[in-house]
1. If R₀ is 25 angstrom, what is the calculated FRET efficiency for the pair Arg97 and Asn189, using the beta carbon separation as r and rounding to 0.05?
2. Using a 10 Å cut-off around each Cβ, can you sort Arg158, Arg199, Arg191 from fewest to most neighbouring Cβ atoms?
3. Using the basic label-point model (7 angstrom from Cα toward the beta carbon), what is the Arg209 to Ala77 distance in nanometres?
4. Decide, for segment 115-212, between rounded, prolate and oblate: order the square roots of the alpha carbon gyration tensor eigenvalues as a ≥ b ≥ c, take rounded if a/c falls under 1.5, and otherwise choose prolate if a/b is larger than b/c, else oblate.
5. What is the distance, in nm, between label points placed 7 Å from the Cα along the Cα-to-Cβ direction at Ala139 and at Val62?
6. Sort His85, His78, His171 by Cβ crowding within 10 Å, fewest neighbours at the top.
7. May I ask you to sort Val62, Val143, Val211, Val55 by Cβ crowding, counting other Cβ atoms within 10 Å and putting the fewest first?
Amino acid sequence: MSGGDDVLPLPALMEAWRPPVGGRRTMRGATVRLSAGRGRGGHADSARAKLTRIVRKAPEVVVKVSGRQRGGGHLSAHLEYIGRHGKLEVETDNGERITTVAGLRQLAGEWEALDDATNRGRPRPTSISMVLSMPAGVAPDIVHDAARAFARVELADRFSYAMALHTDTDHAHVHLTVAAEGYHGARFNPRKADLHAFRESFAHELRARGVECEATPRRARGIVRKADPSAVRHIELRAERRPRGRGGETVRQRRRTLDEAVKVARSPRPDYRHEDDQALQRQRQVRDAYEQAANALERTGRAADRDLAAEVRAFVAALPLPLSRRLALAVELGQRDQRAARSDESAMRSRPEEKGIAPPLPRRFSRHRSDRDH
């Protein structure tokens, strides 16, 4: 019988793994190289290998934009920060290792001069900073080497860059700062699609060094709701202290969502919206894709494929509930009220109208173990 790689590039599975939509790609680097190994006969990055890593919950790599620096002064302060004011090496794209504050300031001045001819006073970024990291447990030198290879593939001969390894947290990470003005007039301005390609490239480099990891979109892991970015959390904290300050509208929107969640949690007839159905539909499509993959693996007749099919089904059974942010808040509030009611029976008896027990989720949300029996 044919092997798992021959049957796994299923359209539904490829859709579940499709990169997130976020504008066309502006960067061109390792993605073409990576995609060459994903079709029939692919090896390191084959569909079967990718499916195995996903269902076994290989750690997800992180590549994110952490900031934009405007002007030489701002860039210099940032480079001094990632170099810990001369205590850490800052490595450049030409292999230079800078260990002095004076050297970092000189580099910042050079990058600012590159941008002066075209900036003309507009507040465009002089550089863009990113963080590349893995969960705890990966040796710092491996993370550093993989990040160095990633930068060489994605950026070399097009953009100046500088990088520094930090090991002061429970997981090693690399700060990579890229000059916004490229060698040939192109601007470094990665979009969402670029960042996903960067994650795939970084994961590829880590796997080449023996680290099992993945770079999948949230939907591939059954996660239908985007987590709040750290910037939003910081805006909320600032707005709590200064309600009329920057970010007030974001906080007001979140408060409206919370108010709606309270109504859902404490209403005997909650209002379920289109966004709630969308969350269910997105995850149902992902479940169906993995079910199709499990069925295809079982049909090969190979013992290894049958074992992987069983792992796929266990992965599907453990997927989280497909709740929108509003419903997730409602469930959390309802559970909180239930705990409070159990710990204070006297208060519950005196104010029965405030029991606040969350209504049961509709049948479509509670049947999350599997859709196979439909």
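Each value in this text was obtained by applying a stated rule to the coordinates, not by laboratory testing. None of the values given here were measured: they were computed from a predicted structure. Virtual Cβ from ideal backbone geometry, glycine too; neighbours counted across all protein chains shown.
1. Step by step, r from the Cβ atoms, then E = 0.35.
2. Arg191, Arg158, Arg199
3. 3.2 nm
4. Working: a/c = 2.51, a/b = 1.99, b/c = 1.26.
Because a/c hits 1.5 or more and a/b exceeds b/c, segment 115-212 counts as prolate.
5. Here the answer is 2.3 nm between the modelled labels.
6. On the way: His85 12, His78 22, His171 16.
Ranked by crowding around the Cβ, least crowded first: His85, His171, His78.
7. Details: Val62 16, Val143 26, Val211 19, Val55 22.
Listed from fewest to most nearby Cβ atoms, that is Val62, Val211, Val55, Val143.
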